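Note sheet for the following structure.
The values are calculated or read from the model by the stated rules, or taken from the named source; none is laboratory data. Since we're looking at a predicted model, the values are computed, not measured. Ideal geometry is used to build each Cβ from the backbone, glycine not excepted, and the neighbour counts take in all protein chains shown.
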Amino acid sequence: MLLTAFLYVRADHITGGEVFYTYTSLGNNKFLYHITVKLFMDCRSPRQFNSPATISIFSRANGQRVADITAYLSSDTQIELPNNNPCITDPPDVCYRVGTYEFPKELDGNVEGYVITAQINFRIYTLTNLSPGYGNVGATYTAEIPGTAQVADGPANNSAQFTGNDLVVVCAGNDMKYSFAATDPDGDQLRYSFCNAYMTTSGGGPGGPGGGGSNVYPQPPPYVSVPYGNGFDAGIPLGNSVQIDINTGLITGIAPPSGVYVVTVCVEEIRNGRVIARQRKDLQIKITACTIAAASLPSALMLCRNTFTIQLENRSQSPLIQTYYWEIKDNNDIIVFQSTTKSPGYTFAGIGTYSVKLVVNRGDQCADSVTVPAYVYPGMVPDFSASGFCVNKPTLFTNQSITRYGAITSWDWDFGETQSSGASSQLRDPQHTYLFTGDKLVRLLIFNSNGCVDTAFQSITIIDRPPIALAFRDTLICTPDNVQLLAGGNGIFTWSPNQRINDPTTSNPVVNPVTTTKYYVDLNENGCVNRDSVMVRVVDHVSLNMMPDTTICLGDTIRLRLVSDGLQYSWSPGPNVLDPGSPGPRVAAPGNERYQVIARIGSCSAQGIVDVNSIPYPLASAGADITICYQAMGQLNGSTDGSRFSWSPAGSLINPGSLNPIARPVATTPFILTAYDDKGCPKPSYDTVLLTVLPRIIPYAGNDTNVVIGQPLQLKARGGVKYIWSPPIGLSDGNMPDPIAFYTAPSPGIRYKVKVYDIGNCVDSAYVTVKVFSTRPSVFVPNAFTPNGDGRNDAFRFVAAGIKNVEFFRVYNRWGQLVYSNPSPSPGWDGRVAGKLQDAGTYVWMIRAIDFNGGIVQEKGQMILIR
């Protein structure tokens, strides 16, 4: 039977719970159980525990409701952990209120026993290890009372009671220790494991303490697991880096990231080698971004696989840890290693049991130390095999573990079926009957006489029928041939009908039916049965219909086609058939060719032929590639032996219907010549000519300039790859881009023309004028200007003769303020400063320049601004 307590408490503040009991025998197979239900609540919550609460009793065998009981709150106490520890960074607030319900219940001893269950409507929100958006899933807390089916004196049982400290600080990414230890007044062996946290499901009925059916009514078992997610599940509720000791209930490891995690621990009571009851404790563990200055190591260091070398590391990474001291002693208490580094390595000299000590912050208020054993006995390998995978049938497990030193002393099996109790064993080679199909992660934990502990995992799949692997499900034979049927699997095979079959009890019998027959195969694996079938179709000849003769273009391939029930094919001639064993091969005919095929079904065969005629493609030649100048025209030169042709694109062609059209594209363009004929090849030929249009030439001869007699001038042209200057007056070389000009007589202006050629010999021209003065290199500056906008003398500018470069030209007003500065003669000063007209009067100018011989020309003077 199942005893259920329904506690209607708004559970956005409930953080866990547990149930336990003691018994008193009343005689005549009656027992008085003193039941305790504990709920944990955030002590900062303003809510209250319900009193009274409704208790429901269910039969464990069939879920039948037996009775409803009312229980009142016995105590409401607060437990709190002080947060002023200087050895914890950013310590969390750890505070709970514990509500306790204690009540007696008299029950008859029975075969199946009972389960005591406390239920609340909702868990707290935003649990980190549940699927996102899970909502309010409720909580169910249980404890089992065994019946006589588990052990003869099962009803006379006191449950295991959890005694671990609930006030524990857990810091994200740091070493954690959280005790779920329990005691058992009967002295039963206790074994701990992570297990599913149960949710609640809504149902009808008379309702909870509020009456009127407004509250969730307790439902009979089985109970449903909460929806684990985010990479967590019932076996790893805190991630892969956190484990629980099966013998002590101590949770250790590296804590996961900050959050609130639901963790349920089951403790099994084992009496006379059998699990008689399972009790549960369910808590929401809060993990924060704190650190603890602690010396933290695993409870034991295992070098039991294949190495003598260890890398020592403190599992606490608190920034408050400043110093480290490591010490290793052998079994004679002799120090064999010392280090003050954070994470030293050490290789043990030989096998043995050593002690490893770590001291952090020695002499400091946050000093801490720990000493753990190190078992150095390499050569222990856990392993096992399994056979029989049918649901509701025994699955046999065979231990295959080995150890080099000592002997394996005990085995602890977890068969990976969380939906049922008793899915564990301590036998060497146990068996387990699975009640549900699906994948099961089986765990074997082994212990040897030297203290080594190791684990092996193996995933198995429990099925409702053994798998049958058939090589084929449908085949064809031709009388009087036979065929071998092929089936794979474990167990006993039986084929039917037992007609024209050589051995119906083998996995690969030979059959030779004279008519189409379906053969059934039954596979029996330890009473687990499956059936499948193979259809053997029987014919007395091979049917074969060939494709008609065809014509293709020379060099192309074609897929030959036929309609046939043949199983094997052979085409000839072989060199031209790309896949001679295919019913539809591709062929590359070098000319006219006849292809023959033989289709077979066993000893029966049929032949067929098909002729493939190959016609050459029409000739198409678009001519050599062409390069033209910008905005020029080019003539295409095509040729073909086809009956018709076309050019594309045709938009920029003059007379596109000609084989030699004139093209005038605006940019580089590929022109495609397509040729057709009527000789039998249905496909056209293509060829492409690329007409490249060179970019526009941008010629440059330099700016007009002034020089003096006897002074060299370097001209500079650009824009092409070849240059020709004219006239040749004074030029050193008229066929280069930068000739030197030298003059012996003055000139009012020599106008030079330069022709600029590109890589295609396209040409364009530019001009430059050179005035030659008979004076020395000078700068000519007017003595007045009239910026009145009449178009005459509106800008004040200089004229340079024989000047290579002007460094500066500046104008100052009568107060010495700079009003204009520009080393270029253009555009000149317009008599304004910042857009404002300047007053008429006298201004001072200064200029500094370099002539073509490198000499400095520096002058200054005055000019008058006239309005």
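All of (1) crowded, with 18+ Cβ neighbours inside 10 Å; (2) touching a residue at least 40 places away in the same chain (Cβ under 8 Å) hold for Ala289 with one exception: (1).
With respect to the stated conditions, Asn530 is touching a strand residue (DSSP E or B) at 6+ places or on another chain (Cβ under 8 Å), buried (at least 17 other Cβ atoms within 10 Å of the Cβ) and either in the same structural domain as Ile477 (by TED's automatic domain parsing) or not charged (D, E, K, R) (or both). What do you reckon, is Tyr125 part of a strand (DSSP E or B) and either assigned by TED's automatic domain parsing to the domain that holds Phe20 or of a type in the set (Val, Ile, Thr) (or both)? Against the criterion (part of a strand (DSSP E or B) and either assigned by TED's automatic domain parsing to the domain that holds Phe20 or of a type in the set (Val, Ile, Thr) (or both)), Tyr125 does not qualify. All conditions in (1) farther than 20 Å from Arg305 by Cβ; (2) surrounded by fewer than 19 Cβ atoms within 10 Å (Cβ to Cβ); (3) free of Cβ contacts under 8 Å to residues at least 60 places away in the same chain; (4) hydrophobic (A, V, I, L, M, F, W, C) hold for Phe415, with the sole exception of (2). Against the numbered list (1) assigned to a loop (DSSP other than H, G, I, E, B); (2) free of Cβ contacts under 8 Å to residues at least 12 places away in the same chain; (3) crowded, with 16+ Cβ neighbours inside 10 Å, Asn332 comes up short only at (3). Just so you know, in region 69-92 the residues that are of a type outside the set (S, T, N, Q) and surrounded by 15 or more Cβ atoms within 10 Å (Cβ to Cβ) include one that is modelled with the highest pLDDT, and it is Leu73.
Going by what's in this entry, would Pro466 be described as surrounded by 13 or more Cβ atoms within 10 Å (Cβ to Cβ), in contact with a Phe, Trp or Tyr (Cβ under 6 Å, 6 or more places away or on another chain), part of a loop (DSSP other than H, G, I, E, B) and of a type outside the set (Phe, Trp, Tyr)? Here the answer is no, as Pro466 does not meet what is asked.
Residues in region 778-798 that are without any contact (Cβ under 8 Å) to a residue 60 or more places away in the chain and either farther than 14 Å from Met863 by Cα or outside any strand (DSSP E or B) (or both): Gly789, Asp790, Gly791, Arg792, Asn793, Asp794, Ala795, Arg797, Phe798. For region 631-653, the set of residues classified as outside any loop (DSSP other than H, G, I, E, B) and surrounded by 17 or more Cβ atoms within 10 Å (Cβ to Cβ) consists of Gly634, Thr640, Phe645, Trp647, Leu653, listed by residue number. Count of region 476-504 residues, restricted to those that are part of a strand (DSSP E or B) and touching a residue at least 40 places away in the same chain (Cβ under 8 Å), is 5.
In region 240-261, what residues are of a type in the set (Ser, Thr, Tyr) and not in a loop (DSSP other than H, G, I, E, B)? Across region 240-261, the qualifying residues are Thr252, Tyr261. At least 2 residues being of a type in the set (D, E, K, R) and out of contact with any Leu (no Cβ under 8 Å at 6 or more places or on another chain) is the threshold, and among the strands (runs of 3 or more DSSP E) wholly inside region 692-774 those reaching it are 747-757, 763-773. Enumerate the pairs (first residue in region 799-814 and modelled with pLDDT under 90; second residue anywhere and acidic (Asp, Glu) and part of a strand (DSSP E or B)) with beta-carbon separation below 8 Å, excluding pairs fewer than 6 apart on the same chain, so at least 6 apart or on different chains. Pairs found: Gly802/Asp851; Ile803/Asp851; Lys804/Asp851. Among the residues of region 102-122, just one is outside any strand (DSSP E or B) and surrounded by fewer than 18 Cβ atoms within 10 Å (Cβ to Cβ), namely Val111. For region 744-762, filtered to residues that are in contact (Cβ under 8 Å) with a residue 24 or more places away in the chain and touching a Pro at 6+ places or on another chain (Cβ under 9 Å), the residue that is surrounded by the fewest Cβ atoms within 10 Å (Cβ to Cβ) is Lys753. Of all residues in region 35-93 being part of a loop (DSSP other than H, G, I, E, B) and within 22 Å of Asn158 (Cα to Cα), which is farthest from the chain's Cα centre (by Cα)? Going through the qualifying residues, I end up with Ser59.
Scanning region 680-700 for residues that are surrounded by 14 or more Cβ atoms within 10 Å (Cβ to Cβ) and within 15 Å of Asp641 (Cβ to Cβ) yields Cys681, Pro684, Ser685, Asp687.
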